[in-house]
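Notes follow once the structure below has been shown.
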Amino acid sequence: MLLTFIIIGVIPINIFANILLDNYEDKAISNKFNQMQEQTIMLANQMLPTGYLTLVEVPEIDAEINRIAEVFKGRIVIVNSNLNIVEDTYGLYDSNKYLVSKEVIQSFNGNSSKIYDKENNYLKLTNPITLTIEDNKAVVGAIVMNSSTKDIQSVLDSMEQRAIIFTLTITIFIFVFAIYFSSRLTRPLTSVVNSIDRLTEGYMGEEVSIKGYYEIEKISDSFNQMILRMQKIENTRQEFVSNVSHELKTPITSIKVLADSLIMQEDAPVELYREFLVDITEEIERENKIINDLLSLVKLDKTADDLNISSININDLLEQILKRLSPIAKKNNIELIYESFRPVMAEVDEVKLSLAISNLIENGIKYNTLDGWVRVSLNADHKYFFVKVSDSGIGIPEDAQDLIFERFYRVDKARSRETGGTGLGLAITKNIIQMHRGAIRIYSKAGEGTTFNVRIPLNYIA
Ligand code: ADP
């Protein structure tokens, strides 16, 4: 972030300063060339009528040439048509010498030339001296004029210095601002990161309260919601583990009490042994049932999208279940009634759905009154099939209706135990129905009976 600030802030200023300096230099040089041009034209005009180029001594013109060379802090050399040097303000050459340079030759062709030597700080202008007689132009000489550009360079240097100072100041300013701003922006993020780290280390009581800009507050809110959800899951997990331990311990405690009391009685009769051993076997069976139910639940949780779906005749499925359960119903003197409103074919996991519906019907039988009934009915529309399991049983109090689907919840522990219940049946049923993208509803009144309505899509929705 710091880097971005600096790049965005400093680079444009640098480019801008460079463009400005280059512009100034171009303008100043072209101005200087223009002034030199004017001077050479003026000198040529003064020279031509005097015969100066034919080596006639004209001291006023010498003086003028020297003055101009002085003003431009440079050198002026005048050459005539024989390439003889007529005047050299540096006094290095006299009229016995010749000046033969590319620029001078060019000027005898009527072309002037401009050279800017930046390294050595000078400009060189070579201009032809043209004589016009009755529309005929002839080049009769050349003026080579040098001018120092040190004045321009020194202005440029000082401008450059100022630009550097300005850029540096801005850079420092942006740097300070960037440090302040980026730390302000990242501080809340750092505290979220710290909280996540603490959470990763296993500390669950974490909650962040960050006041900052809108987005960061959103992150903080989402984070807290996630923590709440994790805490809930953790609580449920702990509760489940403690319930499981408790449930698994109960039969074992009973077994131990039964075994201990036999050991304590030294001459216990064989009948007592037999009686206690029957009890112990029952407890072992119970333990076994709890473990089996738990395993089914865990398997359902683990393989949530591992349903073995096929197209099944639901009428047949229900008839099979009722047939299987009829001995238990007979034993409890309960009448099993089945009514189907139409033939139903649906895509379901046969084994799992069979377990889910069996649990409901078994409960109807278990929590019934003497000579009661359980009615199972099947109906369907174009999207769903509906299984209704009603009984004439003891019913479920209203405040318990939300809880009966929880693992290990039982309204009447003693009765559930008597009938071999584990408190896991409805949790398994609900799980299976949800895996089929279905729903289960309960209608019940204590003392009057219970109805479970199950709705499942005819076509499996993955
Ligand atoms: P359980 O193994 O105890 O039957 P379930 O999860 O199947 O466990 O049911 C939970 C509790 O809901 C039962 O203990 C019982 O108190 C109550 N319950 C379930 N079905 C019925 C019903 N048809 N009539 C009355 N109570 C019921």
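Details
- The criterion of at least 1 residues that are closer than 22 Å to Trp373 by Cα is met, among strands (runs of 3 or more DSSP E) falling completely within region 286-350, by 335-340.
- For region 19-33, filtering for residues that are touching a residue at least 40 places away in the same chain (Cβ under 8 Å) and open to solvent by 40 Å² or more (accessible area, probe 1.4 Å) leaves 2.
Quick grid of which residues meet (1) within 16 Å of the ligand (Cβ to nearest atom); (2) crowded, with 22+ Cβ neighbours inside 10 Å; (3) within 54 Å of the chain's Cα centre (by Cα); (4) at pLDDT 95 or above:
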site	(1), (2), (3), (4)
Asn332	yes, no, no, no
Glu339	no, no, no, yes
Ala346	no, no, yes, yes
Ile357	yes, yes, yes, yes
Leu360	yes, yes, yes, yes
Thr369	yes, no, no, no
Ser392	yes, no, no, yes
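- The condition of being open to solvent by less than 70 Å² (accessible area, probe 1.4 Å), farther than 11 Å from Val77 by Cβ, more than 59 Å from the chain's Cα centre (by Cα) and assigned by TED's automatic domain parsing to the domain that holds Asn66 holds for only one of Asn127, Asn96, Asn111, that being Asn127.
- Some residue of region 415-427 being modelled with pLDDT of 90 or more, under 18 Å from Leu248 (Cα atoms) and either among the basic types (Lys, Arg) or not in a loop (DSSP other than H, G, I, E, B) (or both): yes
- Filter result for Glu87 (under 60 Å from the mean Cα position of the chain (by Cα) and either outside any helix (DSSP H, G or I) or not assigned by TED's automatic domain parsing to the domain that holds Thr149 (or both)): no
- Looking at Ala259, Ala268, just one residue is part of a loop (DSSP other than H, G, I, E, B), of a type in the set (A, V, I, L, M, F, W, C) and more than 30 Å from Arg375 (Cβ to Cβ), and that residue is Ala268.
Yes/no per residue for (1) of a type outside the set (Phe, Trp, Tyr); (2) surrounded by 11 or more Cβ atoms within 10 Å (Cβ to Cβ); (3) free of Cβ contacts under 8 Å to residues at least 12 places away in the same chain:
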position: Phe240; (1), (2), (3): no, yes, no
position: Lys249; (1), (2), (3): yes, yes, yes
position: Leu258; (1), (2), (3): yes, yes, no
position: Glu271; (1), (2), (3): yes, no, yes
position: Arg274; (1), (2), (3): yes, no, yes
position: Leu294; (1), (2), (3): yes, yes, no
position: Leu317; (1), (2), (3): yes, yes, no
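- Residue match in region 439-451 (condition: outside any strand (DSSP E or B) and open to solvent by less than 20 Å² (accessible area, probe 1.4 Å)): no
- Among (1) at pLDDT 90 or above; (2) basic (Lys, Arg); (3) farther than 27 Å from Gln153 by Cβ - the single one Lys137 does not satisfy: (1)
- Residue in region 371-390 that is surrounded by the most Cβ atoms within 10 Å (Cβ to Cβ), counting only those that are within 16 Å of the ligand (Cβ to nearest atom) and among the hydroxyl-bearing types (Ser, Thr, Tyr): Ser390
Yes/no per residue for (1) under 20 Å from Leu2 (Cβ atoms); (2) open to solvent by 50 Å² or more (accessible area, probe 1.4 Å):
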| position | (1), (2) |
| --- | --- |
| Thr167 | yes, no |
| Arg184 | yes, yes |
| Pro188 | yes, no |
| Ile196 | no, yes |
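- Enumeration of residues in region 403-459 that are within 42 Å of the chain's Cα centre (by Cα), under 14 Å from Val389 (Cα atoms), near the ligand (Cβ under 10 Å from one of its atoms) and hydrophobic (A, V, I, L, M, F, W, C): Leu426
- Within region 34-59, being hydrophobic (A, V, I, L, M, F, W, C), in contact (Cβ under 8 Å) with a residue 60 or more places away in the chain and surrounded by fewer than 16 Cβ atoms within 10 Å (Cβ to Cβ) holds for one residue alone: Ile41.
- Checked against the criteria, Ala400 counts as under 24 Å from Ile290 (Cβ atoms), without any contact (Cβ under 8 Å) to a residue 40 or more places away in the chain, in the same structural domain as Ile314 (by TED's automatic domain parsing) and within 13 Å of the ligand (Cβ to nearest atom).
- Verdict on Asn80 being open to solvent by 80 Å² or more (accessible area, probe 1.4 Å) and not aromatic (Phe, Trp, Tyr): no
The values are calculated or read from the model by the stated rules, or taken from the named source; none is laboratory data. Quick caveat, the model's predicted, so the values are computed rather than measured. Cβ sites come from the backbone with ideal geometry, for glycine too, and all protein chains shown count toward neighbours. Just the protein is used for accessible areas: all its heavy atoms, side chains included, with ligands, DNA and RNA removed. Shrake-Rupley method; radii C 1.70, N 1.55, O 1.52, S 1.80 Å.
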